[in-house]
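Since every read-out is calculated from the coordinates, none of them should be taken as a lab result. The shown structure was predicted, so the numbers you read here are calculated from the model rather than taken from an experiment. Every residue, glycine as well, gets a Cβ built from its backbone with ideal geometry; the counts of neighbours run over all protein chains shown.
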């Protein structure tokens, strides 16, 4: 959450002249409600099943850049789909930077619901502790703290091209 996946994904797609899709938006469109609404009314487990289904569908596309939610990678099935159908990227940031970005963001994050400023740091730290082992399985890990969005975009596009992905 807050690492810049959607922004970077749009830039990569533009550079490669590919399509861009945001997995959370696809789930919202199919379900007819926001991610926060799904969490509140149907629970996280329901959302994760809908997310996995959307991931399987979108992974069949070609010439597409997909921005996944922060929890998408945190299952064996989803990681297998992502790593077998494309280049996976982890935009690594320290907790402090994520918290700063999340405070500035207007996006509601269900797993951070009701977290005040003091609690936000510990919740992000705990989520990252659980998720890091999944994220580390990505094909490409970038230190997003030291790279500009343009540098990240160029590096990722270069990695896609080196694996045979072209226009």
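Could you list 20, 47 in order of exposure, starting from the residue whose Cβ has the fewest other Cβ atoms within 10 Å?
Working: 20 16, 47 23.
Ordered from fewest to most neighbouring Cβ atoms within 10 Å, 20, 47 come out as 20, 47.
Find how many whole Å separate the alpha carbon centroid of segment 122-167 from the alpha carbon centroid of segment 49-86.
15
Among 105, 162, rank each residue by its count of other Cβ atoms within 10 Å, from fewest to most, as a rough exposure measure.
Working: 105 12, 162 9.
Neighbour counts put them in this order, fewest first: 162, 105.
According to the square roots a ≥ b ≥ c of the eigenvalues of the Cα gyration tensor, what is the shape class of segment 121-167, taking rounded for a/c under 1.5, prolate for a/b larger than b/c otherwise, and oblate for the remainder?
Values: a/c = 4.04, a/b = 1.91, b/c = 2.12.
Cα axes put segment 121-167 in the oblate bin.
Mind running the shape call on the chain? Use the C-alpha gyration tensor, a ≥ b ≥ c as the square roots of the eigenvalues: rounded below 1.5 for a/c, prolate if a/b tops b/c, oblate otherwise. Present the calculation step by step, with values, prior to reporting the outcome.
Working: a/c = 1.73, a/b = 1.23, b/c = 1.40.
In terms of gyration-tensor shape, oblate.
As a footprinting exposure proxy, order 148, 153, 107 by other Cβ within 10 Å, with the fewest listed first. Intermediate values should be presented prior to the final figure.
Working: 148 9, 153 21, 107 13.
Taking fewest neighbouring Cβ atoms as first place, the list is 148, 107, 153.
Classify segment 14-88: rounded, prolate or oblate, from the alpha-carbon gyration tensor (a ≥ b ≥ c, eigenvalue square roots; a/c under 1.5 rounded; otherwise prolate if a/b is larger than b/c)? Each step should come with its number before you reach the end.
Working: a/c = 2.44, a/b = 1.50, b/c = 1.62.
Oblate.
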